[in-house]
1. If residue B:155 meets every condition in (1) part of a loop (DSSP other than H, G, I, E, B); (2) touching a residue at least 40 places away in the same chain (Cβ under 8 Å) apart from one, which number is that one?
2. If residue B:19 meets every condition in (1) more than 30 Å from residue B:110 (Cα to Cα); (2) assigned to a loop (DSSP other than H, G, I, E, B); (3) modelled with pLDDT of 90 or more apart from one, which number is that one?
3. Please go through region B:127-146 and give me each residue that is more than 7 Å from chain A (Cβ to nearest Cβ) and closer than 20 Å to residue A:213 by Cα, ordered by number.
4. Quick one: which residue in A:42, A:58, A:46, A:38 is under 25 Å from residue A:263 (Cβ atoms), among the small types (Gly, Ala, Ser), surrounded by 15 or more Cβ atoms within 10 Å (Cβ to Cβ) and at pLDDT below 90?
5. Which residues, taken from region A:159-182, are within 18 Å of the chain's Cα centre (by Cα) and either under 17 Å from residue A:128 (Cα atoms) or outside the structural domain of residue A:228 (by TED's automatic domain parsing) (or both)?
6. I need a count of the residues in region A:75-122 that are touching a residue at least 12 places away in the same chain (Cβ under 8 Å) and at positive phi.
7. Given region A:65-149, what strands (runs of 3 or more DSSP E) lie entirely inside it while holding 3 or more residues that are surrounded by fewer than 23 Cβ atoms within 10 Å (Cβ to Cβ)?
8. Collect the residues in region B:178-192 that are within 8 Å of chain A (Cβ to nearest Cβ) and surrounded by 24 or more Cβ atoms within 10 Å (Cβ to Cβ), keeping them in residue-number order.
Amino acid sequence: MARRRAPQRQLPPPGPRLRPEALGGAIECRSCGRRYVAERYAENLAVCADCGHHGNVAARARIAQLADHGSADVLRFDVSERDPLRFDDGVPYPERLARARAKTGVDEAFVVARATIDRMPVLLACMEFGFLGGSLGSAAGEIFIRGCDIAAAERRALIAVCASGGARMQEGIASLAQMARCSTGVESVARAGLPYISVLADPCFGGVTASFAAQADVILAEPGARIGFAGGRVIEQATYDSLPEGFQTAEFLLAHGMVDAVIDRRSLRTTISTLLHVYMRVGGTPPEYPPR
Amino acid sequence: MKGSIATTDRERAAFAAIELARHPDRPRALQVINGVFENWTELRGDRLFGDDRAVIGGPAELGGRHVMVIGQEKGTDPMSRAVHNFGMPHPEGYRKAQRLMLQAEKFALPVVCLVDTPAAHAGVAAEERGQAWAIAESLLCMLGLRTPIVSVVLSEGGSGGALALAVADRVLALANAVYTVAPPETCAAILYRDAGQRARAAAALRPGVDTARDIGLIDELIPEPDPGAHAHPRVVIAAIRGALMRHLDELCACSTADLVAGRQARYRTAGG
């Protein structure tokens, strides 16, 4: 008697077909584990089609996602080596910088570009989380304020996409000074009467949140992004407080009135464009910033 | 060198400097206010949520000149330390400071800030009420404030929590104070994933205020008689009074526009 075939196991609906040669470039969603061909995942802006989880986006990819096609002009500044403390935690700090550069292909934790969004002139300043945790050092601060200068001089809106662990400990007190330094950049853009929109991506903490990230006219956050000043682990250890559900997520901050909106990455460009239309009044001149 | 836990002499010396700055008998903000100023009237509350006892402030007189004094108070005994939350402000503290600074601008009072905090408070409530937002607003508020600001780092200036009261036309510091990007315990947790290696972090960070002076965050160090301010609080308070009067005389002679432009130019380059 022929054995009955076991009923076939129900498979989940087919995802993007993985061609054998593309397997090396497969990416797994960090939340639900679904696997994607890298190109397909990037096409969906690193958002999982199944669960909506927003993956990390490198600075250059972020610029490409937001800018009009072909409009982005990435600016490179000569950021000389800075090692005020001659820091060495087993690996000398310049060596760490060199490794970060090799890994990410960018010079520093900030990448700025002239671009247009829906034909409106903007200056995009995007943080590279892969570069030493997106930490804010002296060179990164320099890139940001130079970007702000360009925005003010050329009447461009400032769009900052923030993803950072905070200050760069390896630069010590010089890193702390960047909080005030970047604030002067925000100040000059505000004084020129230009809009500043910040986008908080996962994760955004410490001296970055506590300076330019929170100083924007409009603060947008990506779904599920973890945002705050002190990290949850630090808080648990310091105070023995139990952390509430969803603590320090974008949605938590929205509920507490800290951000203007939580925006899906796939509609981020549209949202920014809508806001810029309000604030830039295409072809018009923004009113002068009222002196206090 | 991985695995080497032995504390070197350099690390021990660096951590001794931190401990000296944390000495419980060093003059605290309230003592300095009482010793330096006359007729201080405390004003409380941020008009938004509550009153943070880690930040105290109000108008006072200094040698015939009216000023607005804002300080971070750590407390002097176990009870008052708890009341003042060990000098670690919540967002309300920074918002109260902003309110008082804007009031000082309105009445053309110079602002004096006394910085003494290990860090801004790390807690659930502080995050819920926007600790980062409060600090970020303070930075912008101080950068644009149309009245002179002098800050004095008394003992411990830690993290953005200290910088939020130290964006000023002149920043002075007691010679044995420390000014760091984060307390050494936090740095060790971030860099070595072990808060216990705080001495190692202290040595690597060069926490002394001379480092901050070298990068332009501090202008002048106020000398302390040996072995430190904890042994001679009255001498040190008199020195603070003298330094404050001298700097306020200079700053009050400047035009407001020059002051604000100069302050912004200064922070554009500090740490660059």
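The values are calculated or read from the model by the stated rules, or taken from the named source; none is laboratory data. Just so we're clear, the structure is a prediction, and the values are computed from it rather than from any experiment. Neighbour counts run over all protein chains shown; Cβ positions are idealised from the backbone, glycine included.
1. (1)
2. All conditions are met except number (2).
3. Selection gives B:129, B:134, B:137, B:138, B:141, B:142.
4. On the way: A:58 fails: at pLDDT below 90; A:46 fails: at pLDDT below 90; A:38 fails: surrounded by 15 or more Cβ atoms within 10 Å (Cβ to Cβ).
From the options A:42, A:58, A:46, A:38, the qualifying one is A:42.
5. Of all residues in region A:159-182, those within 18 Å of the chain's Cα centre (by Cα) come to A:159-168, A:178-179, A:182.
Within region A:159-182, A:159, A:160, A:161, A:162, A:163, A:164, A:165, A:166, A:167, A:168, A:178, A:182 qualify.
6. Residues that pass the stated criteria total 3.
7. Details: elements: A:73-75, A:110-117, A:120-127.
Correct list: A:73-75, A:110-117.
8. If the condition is that a residue be within 8 Å of chain A (Cβ to nearest Cβ) and surrounded by 24 or more Cβ atoms within 10 Å (Cβ to Cβ), then B:179, B:180, B:181, B:182, B:186, B:187 are the ones that fit.
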